[in-house]
Amino acid sequence: MESNDASTLAEVVLGRFAAAIERAPAPFILGVSGLQGSGKSTLGAGLIGAASRRGWGAVTLSLDDAYLTHAERLALADQVHPLLRTRGVPGTHDLILLASTLAALASASPRRPVSVPRFDKGHDDRYDEALWPTEAEVPRLIVLEGWCLGVEPQGDDALVEPVNTLEREEDRDGTWRHWVNAQLAGYLPIWRGIDALVVLAAPSWEVVERWRGEAEEPLRARGEPRAMDAPALARFLQHYERLSRHALATLPAKADLLIALDPDRTPHVPDTHRTPHIPDIHGTPHL
């Protein structure tokens, strides 16, 4: 998506929910769910800009920002399963940090500014907290984005057969996939706190693999140390294939706004959408 296209899409998306955002008694949490390469981070940044042009305070927060520390994930790999050395799957996020940040933003003030976590993917660890941005006022809008946002656990029957070589050879007894699936239950309170869900729907898992491969090409060309060759990238993506396929099959029905993407990532926005639920002003807080 070109920057102008992303800005236009952001204006369209924000316009769909503008009335609900204005009526919301607390920060409106707009979820943006999309698989790797779908443009969710670009859309999130565009939504912040579009909100700013309306005079609204807005904050973006990614599931990636709430990863467990490198040391915590190494401990998980030792205690549960070696595949947990690779970040990204459910169970590798600090849900207490994520939930407490969302809750704290609802009462942010100059006397009680909120530090918003940020993760350094280059070093595979959180930035020092002193480097986290702070919010000193309650935002009108919180954009929460992530690749598995809104995904619910699979049934046990779906976990029996491996979906790829990684599961077949490195998770032969299913320990890793059963553990990851069980962790999704802990994410459901976060999903329930989302006021509206936007889903960027890729055409297929195979297209997602291609998009991710295209993103790796310039890193290889520059000789980046973290660039992956084709076999390494294929193995890396297999960590996410199961839940990505599950997301493609289940999230469209859950979306308040479904944006279908062509193989070239051209977005198609429908003319209608479901009206998001807005909590009563005297009701319970999001989290």
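Some notes on this structure:
- Tilt relative to the chain, helix 95-105 - C-alpha long axis, 0 to 90 degrees, to 10: 10
- Taking label points 7 Å from Cα along the Cα-to-Cβ direction, Val80 and Arg210 give a separation of 3.4 nm.
- All other residues whose Cβ lies under 13 angstrom from that of Val59 are scored, Lys and Arg at +1 and Asp and Glu at -1, for a net of -2.
- Where Lys121, Lys40, Lys254 fall by accessible area, highest first, once all protein chains stay in place (1.4 Å): Lys121, Lys254, Lys40
- The 1.4 Å probe gives accessible areas that order Ser244, Ser115, largest first, as Ser115, Ser244.
- Length added when fully stretched, Ala234-Val12, from 0.36 nm per residue minus Cα-Cα: 76.4 nm
- FRET efficiency estimate (nearest 0.05) - Cβ-Cβ, Asp264 to Tyr127, R0 35 angstrom: 0.55
- Packing-based order for 148-156, 27-35, 229-237, using average beta carbon neighbours within 10 Å, highest first: 27-35, 148-156, 229-237
- Spacing of the modelled spin labels on Asp271 and Ala103, each 7 Å from Cα toward Cβ, amounts to 4.5 nm.
- Secondary-structure-derived ellipticity at 222 nm for the chain, considering helices only, amounts to -12500 deg cm²/dmol, per-run term -39500 (n - 2.57) for DSSP H runs with n ≥ 4.
- Here r is the Cβ-Cβ distance between Ala158 and Arg112 and R0 is 45 Å; the resulting FRET efficiency, rounded to 0.05, is 0.55.
- Neighbourhood net charge (15 Å Cβ-Cβ; Lys/Arg +1, Asp/Glu -1) for Ala18: +1
- Shown for the chain: the carbon plus sulfur share of the solvent-accessible area, taken with all protein chains present and a 1.4 angstrom probe, equals 51%.
- Folded to 0 to 90 degrees: helix 230-250 orientation relative to the chain principal axis, Cα: 50
- When volume of the Cα convex hull per residue in Å³ is calculated for this entry, the matching label among (i) 120; (ii) 128; (iii) 141 is (iii).
- Those residues of the range 127-156 whose amide nitrogen sits under 18 Å from the label point placed on Ile96, 7 Å along Cα→Cβ: 129
The values are calculated or read from the model by the stated rules, or taken from the named source; none is laboratory data. The model shown is predicted, which means the values in this text are computed figures rather than measured ones. Cβ: placed from backbone, ideal geometry, glycine included. Neighbour counts: every protein chain shown. The protein model used for the area step is the full one, side chains on, heavy atoms only, and it has no ligands, DNA or RNA in it. Shrake-Rupley method; radii C 1.70, N 1.55, O 1.52, S 1.80 Å.
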